[in-house]
Each structure stands twice: as structure tokens, then as C-alpha cells.
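Below is one structure, written out as C-alpha cells; comments come after it.
Please treat every number below as a calculation from the coordinates, not as lab data. Remember, predicted model here, so these are calculated numbers, not experimental data. Virtual Cβ from ideal backbone geometry, glycine too; neighbours counted across all protein chains shown.
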Amino acid sequence: MVTNTEVVAPASNGVDGGCCKSGPGYATPLAAMSGPPEKLIYVTAVYTGTGREKPDYLATVDVDPNSPTYSTVIHRLPMPFVGDELHHSGWNSCSSCHGDASADRRYLVLPSLISGRIYAIDTKADPRAPSLYKYVDPKEIAEKTGLAYPHTAHCLASGEILVSCLGDEEGNAKGNGFLLLDSDFNIKNRWEKEGHSPLFGYDFWYQPRHKTMISTSWGAPKAFTKGFDLQHVADGLYGSHLHVYSWPGGEMKQLIDLGETGMLPLEIRFLHDPSKDTGYVGGALSSNMIRFFKNSDETWGHEVVIQVKPLKVENWILPEMPGLITDFLISLDDRFLYFVNWLHGDVRQYNIEDPKNPVLTGQIWVGGLLQKGSPAKAVGEDGNTFQYDVPQIKGKSLRGGPQMIQLSLDGKRLYATNSLFSAWDRQFYPELMDKGSHIIQLDVDTEKGGLSINPDLFVDFGDEPDGPALAHEMRYPGGDCTSDIWI
């Protein structure tokens, strides 16, 4: 464990919304919707895998339309090492700690998918210019727990931090599990009980009122770090299961095989209402949205509720192209679900007021392999080829496909980046290596449904001082609909 210089006491800067006389975040998801509009976004920016021997960094982006530095990167915090592959991020404390007045949403947690380091970034002293507080050393993690390849971090009501880890030091999935850190980022132990590790690791979400945590499956690090190979799927190096755990006990109660309908189930979300016993998971390779739910006998079931059909294509590596659902989220009022098709290039909005029967209410193409001018073309049922119109923003063509998304608290602004993981970016969207990522904003119609491009925001990571960078997950200083869990 390495610690920086002494940290300044937190200032009262108002970035955490409704936490004046209580803990961080908001008492309820609906209360969070009345929080202040976002002015800053923290986004992980990656040089690992691009051929540039520079450290990855945390970028601070100004998204306040009234600011003179709107739509620009206003600060860059480079990590102290090269080769981390920053990826996802979480908080040391969130709305799950709202009842604890001593809790403080101060540290942004940055697990490094490749190096295994877990950074704690202080955002309180100066939210516009975060600083490194400390990091957890991967050798210490491996020695004490056998874990490596950290991915998703969630804060717990206890003040502890839970991190999913996708394998062991050699990249085998068999060594994966969950790392428990204390409130100052000291290693405690594995969270799951011995003998209850998942088959594969990736994302997880917990719903305390139902005493349940469910985790998802990507694949073995020794496979996915080399790029995507269909043979690895056939060889059993990728997953198709959900793992249902007792919460907070860490005992696996049920293993749900999604089969071919749920290959590579990545992101998972319960509904935000903590009383609800249902949620969704995105089967990336199968390109299905799957609803999971609790049965009357306390077991959990699942059903496919949205299917994105693969498109017949020409001039591509396969005769059919899946949508590849790589990220999704749910609005804080549990009314709308949004997901991306990273390869097809569209972002979709569904009304889920009836969770069993989502209704498509918005769809827009903002990139993808089938945009006009691309080599690949889709083939319609009539045999004619077609491609999608993708607009420019501020005179810039959109590159890559929509990947990570983040929604404003009020549900009216949806931000999107376009980098998935450097090895996969290089394989499917090699132009990102030379031109870098971008952040765009979609304006959301929350009354009738619908998505439209905001013409004023375009954050171009192709223009970064150290060269084009890959932008991945986004966070607001005050929390958001994918960082915060209510209890």
C-alpha cells in the first residue's frame, strides 16, 4: 500500500447534493432525481494498449453549459505507473451510507484491469483537480487473496468497498472472486465464502432488502486480454452464468445458466427501488436484455425481454454481426432502460414501467461498423445492402461505437463514450488507436420518449496533449444511477 502526502481536510463544496445533515448521496432514488445538475464528469482515459508509453489518467471534463471551459478536459491526473488499463470506477461511499453522517463520498476508486492496482483518488480537496490518495498493490492483493484483474467497485453501507476480480495472476478464471477492502483501502479478505467463487467474474449488484447479490460473467483474462476470438467461446473461456449470493453472507445460493440466450452477460442492474426484486442483465454476445426476478420459493428466474437480432453483413469478419450490448443503465425512477449496441452503433431507450414488457421509445445511431462510408454493409431481407446515417458533431465524424453511458440524475441527459477495452478497440475499431475517443451527449425526452444529439457537447480525446486516448467509464462527483445503491 502506498500513500501520498498528507491529505487536506475535506472542504464543504456542495458537490454531493443532498448530504448536508446526513451521509452521502440521497435518501431515495426519487430524491436523487431532484439533485443538482452535473457540472463535472470524471472519466478514465487509457493509453495502455495504444502503443503510447504513457500512464493512464483520470480526466475531469466540464459539462456545465454556462462555464467558459464547457465541453473540454480541464484537468488530467496521470497514474504513477504505465500499463494499468484503467477501466471502471466506483466510490468509497455512496447513497447506501446515506444514514451515516460520518460517511463521506470522497474517494473515487479506480481498479486497473491489467496491472491489478486499485487507486483511491481524492476528489474532495479540489473536485476540479483530483489528486492521488493511495493505491493498493497488486502483489499484496495476490499474496493475501489470490485475486487479480480487478473490475467493478461498489461501496457498502458498512463503509467497506467490494471489488470484483476476474481471475488469478496467471489469468485463469478459476481464481476469480471478490476483494473486500476496509474504508481506508486496506485489504481485509475475500468476500465470498471459501468454495463459493463464481465461474467467471465481471459485474455485480446487491439488493439488501432481498438479502441478495448477483454477479455476472465475462471470461478468463488470458482470453479476453488478447482480443476476442470465437474459438475461446467454444473452448469454454467465456461465461453465460449469473451467480446468486446471500447478502451479506457471501454464500452462493444459485447458479443460473443463461445458455445461448445470455452469452457474455456483462452489466447487471437491479431496479433502483430497494423493495423491488427484479432487474436486468445484458447478454453482450447474444445481444439480449434478460430480466431476472425472484420466485415465490425464494429462487431466482430469468426471461429474455429484448432481442437485438444479428444483421447479415458483407465485408466483415463474420457473415452476421451481433449488436454487442456492452453497457446499459436504468433511470432513477425505474421508468426507462437505456442500452448500447457497440458494433451496430445505436443507443436505445425503452420504457420499462411494465418490467416484463419493455417498449422501445427511442433509438439513435451515433457510430458503429455500419455507418455510411464504412467497409461493412448490412444486407436486408430483400437482398439490398444498407448503412446508417450518423451525424457529425461540431464538424467531427463519430468514430467507434457507443460504449459506456451515464445518465443525469434528472434523466434528461445521456452521455456516451466509445472505448470498450484497448485490445478489443484495436480489433474492432482500429481507428481509435490513431484518433482516440470522444464523449457525446444525447438529450432525452422523458415525457414521450426519444433521443436526440446535443450539438454543443463534443469532448475529443484525439486532441489530448500526450496523444489520442481511449475514454471509458464516467462518474459525477455526487454519484449517479450506476454508482449508487439504496438499502
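What the table below lists for this structure:
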| item | result |
| --- | --- |
| Charged-residue dipole, Cβ positions (Lys, Arg, Asp, Glu), the chain about Cα centre, Debye nearest 20 | 140 |
| Rounded, prolate or oblate (a/c below 1.5 giving rounded, otherwise prolate when a/b exceeds b/c) for the chain by Cα gyration tensor | rounded |
| Sum of -39500 (n - 2.57) over DSSP H runs of 4+, divided by residues of the chain (222 nm, nearest 500) | -1500 deg cm²/dmol |
| Qualifying GluC sites (Glu not before Pro) for the range 261-329 [loop in DSSP, other Cβ within 10 Å: at most 13] | 298 |
| 26 Å Cα-Cα threshold exceeded, pairs from 193/294; 211/412; 139/188; 144/174 | 211/412 |
| DSSP-loop trypsin sites (Lys or Arg not before Pro) across the range 32-105, with at most 16 other Cβ within 10 angstrom | 52 |
